[in-house]
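Report on the following structure.
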Amino acid sequence: MPVKRLPANPSLDHLRHQAKDLLRGHATSDAEVAQRIREFHPRFERASDAEIFATELKLTDAQLTIARQSGFQSWTQLKAHLAAPTWPERSKLPHHERIDDPVFRRAVDLLDAGDSAALRKYLSEHPKLARQRVIFEGGNYFRSPSLLEFAAENPIRHGKLPANIVEIANVILDAGAEKGAIHETLGLVSTGRVPRECSAQIPLIDLLCDRGANADAAIVPAASHGEFEAVNALLRRGARLTLPIAAALGRMEEFRRLLPDAESRERHLALAFASQFGHVDIVRSLLDAGEDPGRYNPVGAHSHSTPLHQAALAGNFEVVRLLVESGAVLDVKDLLWQRTPADWANHAGHSDVESYVRANEREANVKGER
């Protein structure tokens, strides 16, 4: 789920009230509150709604959830940033312009310029740079990147990569980039639009996998972003073809083979992907197997929304119809913009989907009034 960025003039008192509202929602077993807690409180990442509601939630837990939902690692860090008078302006700058360390900033500039010779020399003069990290708060990811991660151009800073970005990445790897940074860079490359558009995505995937990156860790994020060239490259590099990946790719034969032994979380994720990418037969198979069409998507798969939101946004009419006929909640609101699936269809210009969902909403409301 993307973080909910703070407004231009955030109020700490308002954020405190949000934390108290979260506690009240937890006390009334609000499914939306459970989803927020599952997404942003590290202790509840794999907990079910029932497990979340059965656990005592303290004010400090609620504050941590609100802080992480806003892109900060803790409530203390959130308060510190609100107290800094320059942070709203800094948060709008590209990430490289927020780097305070001039030595690290110079290395990023050399990376962006594609000057491999100068970068190699610079890293030899500053041997700790390849393992150093910088801290960014207020975002959904890229919170403590190493130098290597800037080579993915994700988040987008310039909208392009130097033509020799693979050579540049090699220079940083040779200088001693840590294993964790290699794994994280693979995830950024595999989910990034710019590496693909610059024809660098697959070469970078191959380089990073050659250097020990975990293909399995990157494949679900790549599928969630619809980066199917990356998904197939990761499969080629040894990532497992799981039920969710088969569902995202629409590979029905493998999906049928994997379904009987799949865990509950895999089935949940498979329904999210099949709905998002319009694979009707796979959606039907999952619904027939007992998957709930009304749940929010799992963490890591646009979890601020439901399968119906994603199908409506994509204009997958047959999937929408199937989800509606199977009991999907029609008036559920997403957790970021508080919009229904019909609103999402309207936003994307899918008038046929919007009309169909709204007609079913009206019919359900009439039946409920009787």
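Please treat every number below as a calculation from the coordinates, not as lab data. Since this is a predicted model, take the numbers as computed values, not measurements. Quick reminder, even Gly has a Cβ in these numbers, built from the backbone with ideal geometry, and neighbours come from all protein chains shown.
Stretching residue 174 away from residue 325 to a fully extended chain increases their span by 48.8 nm, per 0.36 nm per residue minus the current alpha-carbon distance.
Rounded to the nearest 20, the Cβ-based charge dipole of the range 12-90 about its Cα centre (Lys and Arg +1, Asp and Glu -1) stands at 260 debye. Ordering 294, 222, 110 by the projection of their Cα atoms onto the charge dipole of the chain, which places +1 on the Cβ of Lys and Arg and -1 on the Cβ of Asp and Glu, puts 110 at the extreme positive end. With the charge dipole of the chain set up from +1 on Lys and Arg Cβ and -1 on Asp and Glu Cβ about the Cα centre, the Cα lying farthest toward the positive end among the listed residues 154, 142, 165 is that of 142. What the phi angles of the range 350-363 give under the Karplus curve with 6.51, -1.76 and 1.60, with θ = phi - 60°, is a coupling list of 9, 5, 5, 5, 4, 4, 5, 5, 5, 4, 5, 4, 4, 4 Hz, glycine and proline written as x.
Quick one: which of 178-186, 214-222 comes out on top by average Cβ neighbours within 10 Å, and what's the full order, highest first? Before the final figure, lay out the partial values.
On the way: 178-186: 20.2, 214-222: 21.8.
Peptide ranking by packing, descending: 214-222, 178-186.
Please list, or write none, the lysines whose alpha carbon is within less than 22 Å of the alpha carbon of residue 333, excluding same-chain residues fewer than 8 places away. Correct list for residue 333: 4, 20, 367. Relative to one another, the C-alpha centroids of the range 320-351 and the range 122-190 are positioned 38 Å apart. Here the dipole of the range 148-216 is about 240 debye; that uses its Cα centre as origin and unit charges on the Cβ of Lys and Arg (positive) and Asp and Glu (negative).
When you work out D = kT/(6 pi eta Rh) for the range 95-240 at 10 °C and 1.306 mPa s, using the Kirkwood radius from C-alpha pairs as Rh and the Stokes-Einstein form, the result is 106 µm²/s. Taken about its Cα centre, the chain carries a charge dipole of about 760 debye when Lys and Arg each add +1 at the Cβ and Asp and Glu each add -1 at the Cβ.
Pair-distance distribution of the range 12-90: all C-alpha pairs, bin width 5 Å, starting at 0; shares per bin in whole percent are 3, 17, 27, 24, 13, 9, 5, 3, 0. Between the listed residues 200, 366, 3, the Cα displaced farthest toward the positive end of the dipole of the chain, a dipole computed from Cβ unit charges relative to the Cα centre, is found at 3.
Residues in the range 114-120 carry Karplus couplings, in order, of x, 8, 5, 5, 5, 5, 4 Hz; the curve used is 6.51 cos²θ - 1.76 cosθ + 1.60 with θ = phi - 60°, and Gly or Pro positions show x.
Provide the convex hull volume over Cα atoms per residue for the range 156-242, in Å³. Numbers along the way, then the final one.
Working: hull volume 7.4 nm³, N = 87.
Measuring per residue, one finds 86 Å³ for the Cα hull of the range 156-242.
Sites listed here are trypsin sites (Lys or Arg not before Pro) in the range 1-70 whose DSSP assignment is loop and whose Cβ has at most 15 other Cβ atoms within 10 Å: 5, 46, 58.
Could you give the C-alpha radius of gyration of the range 1-45 expressed as a fraction of 2.2 N^0.38 Å, taking N as the number of residues it contains? Show your work: numbers first, answer last.
Details: Rg = 11.6 Å, N = 45, 2.2 N^0.38 = 9.3 Å.
Taking N as the residue count of the range 1-45, the ratio is 1.24.
With semi-axes defined as the square roots of five times the eigenvalues of the C-alpha gyration tensor, the equivalent ellipsoid of the range 238-344 measures 22, 14, 12 Å, largest first.
The radius of gyration of the Cα set in the range 1-157, together with its Dmax, comes out at 19.1, 61 angstrom.
Relative to the current alpha-carbon distance between residue 292 and residue 126, full extension at 0.36 nm per residue lengthens the span by 54.4 nm.
Counting pairwise Cα distances across the chain, what percent come out greater than 39 angstrom?
22
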